[in-house]
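Below: one structure, written as structure tokens.
The values are calculated or read from the model by the stated rules, or taken from the named source; none is laboratory data. Since the structure is predicted, the reported quantities are computational estimates derived from the model, not experimental observations. Every residue, glycine as well, gets a Cβ built from its backbone with ideal geometry; the counts of neighbours run over all protein chains shown.
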Amino acid sequence: MEKGRFTQRKKNCRFCTDKIKYVDYKDTSLLRNFVTERGKIVPRRISGNCASHQRDVGQAIKRARSIALLAFAEER
Amino acid sequence: MQLYESIFIVRPTVTEEEVTKVVEKMKGVVEKNGGTLLQTENWGKRKLAYEVEKEKKGTYIIFRFKGDGKVINDLEHNYRMEDSIIKFLTVKPSKGDSGTLVMPSADEGRPFRSRSGHDREDRRWSESGKKAD
């Protein structure tokens with residue numbers, strides 16, 4: 001069977017597989033997986049998170065930014 | 001009664017004793033308003049992700065307490081009055097929070113690197129004829 005050029009394996013939400021209920025804004029090493037080098041939040045289609053966990057991650061990143069644990073924009 | 005988590009950053013130029021003084025004062029504010037402190041944590045001096053009031057470092061203090069909304073009003077009012085506090089945040093931790101106040105590791109971690117190039121600020125810059133850097 002011929003595969004299309006953009007065939008991609010299905011990503012699974014890592015929070016659902018790990019059964020994590022609460023995304024902590026203080027856990028910067030975890031949150032850093034979901035921001036780009038420039039500090040942007042990685043979109044769901046790239047991160048593979050489910051909708052509710054992506055919302056939690058987004059909320060946590062915004063909180064972390066507000067208390068200077070994460071940068072709003074990383075200088076290059 | 002509601003569970004709250006309050007975190008504030010003390011200016012790095014402030015001495016240890018003065019930090020303890022500020023912490024004691026804020027504890028007093030919580031208790032005066034009928035709140036009960038559950039946990040207090042001092043993360044020590046940490047590098048800030050960005051400059052806040054010209055400071056690059058700061059001492060992080062975290063409170064976890066039960067109380068009414070008026071505690072927050074008074075506490076945040078006191079935060080604003082205190083010159084040594086440069087930033088603060090109060091949140092209601094949702095259900096499922098384990099309540100661990102572990103200090104985030106100081107390492108930079110592995111930044112997300114896109115292979116598909118979706119983070120294309122630099123590309124957009126170069127497209128519009130400007131330099132990326």
Members of the range A:36-63 found to be at the interface with chain B (Cβ under 8 Å from one of its Cβ atoms) and either under 26 Å from B:E5 (Cα atoms) or touching a Ser or Thr at 6+ places or on another chain (Cβ under 8 Å) (or both), listed by number: A:T36, A:K40, A:V42, A:I46, A:R63
Test: residue in the range A:44-57 that is under 21 Å from B:K87 (Cα atoms), at pLDDT below 90 and either part of a helix (DSSP H, G or I) or more than 11 Å from the chain's Cα centre (by Cα) (or both): no
B:E24 at pLDDT 90 or above and either outside any strand (DSSP E or B) or within 13 Å of the chain's Cα centre (by Cα) (or both): yes
Any hit, the range B:100-115, residues being surrounded by fewer than 11 Cβ atoms within 10 Å (Cβ to Cβ), modelled with pLDDT of 90 or more, in contact with a strand residue (DSSP E or B) (Cβ under 9 Å, 6 or more places away or on another chain) and of a type outside the set (D, E): no
Hits in the range B:51-71 (condition: surrounded by 19 or more Cβ atoms within 10 Å (Cβ to Cβ) and either within 21 Å of A:L31 (Cα to Cα) or without any contact (Cβ under 8 Å) to a residue 60 or more places away in the chain (or both)): B:G58, B:T59, B:Y60, B:I61, B:F63
Of residues in the range A:11-33 being at the interface with chain B (Cβ under 7 Å from one of its Cβ atoms) and within 10 Å of the chain's Cα centre (by Cα), the one surrounded by the fewest Cβ atoms within 10 Å (Cβ to Cβ): A:N33
Any chance A:E74 is modelled with pLDDT under 90, within 11 Å of chain B (Cβ to nearest Cβ) and closer than 21 Å to B:V52 by Cβ: yes
Output for the range B:32-45, where each listed residue is touching a helix residue (DSSP H, G or I) at 6+ places or on another chain (Cβ under 9 Å) and exposed (fewer than 14 other Cβ atoms within 10 Å of the Cβ): B:K32, B:G34, B:T36
Which listed residue is at pLDDT 50 or above and within 19 Å of B:I9 (Cα to Cα), from B:K92, B:K66: B:K92
The lone exception for B:T20 - which of (1) touching a residue at least 24 places away in the same chain (Cβ under 8 Å); (2) among the polar types (S, T, N, Q); (3) over 15 Å from B:L75 (Cα atoms) it fails: (1)
Qualifying position, being hydrophobic (A, V, I, L, M, F, W, C), out of contact with any helix residue (DSSP H, G or I) (no Cβ under 8 Å at 6 or more places or on another chain) and without any contact (Cβ under 8 Å) to a residue 60 or more places away in the chain, among B:L3, B:L48: B:L48
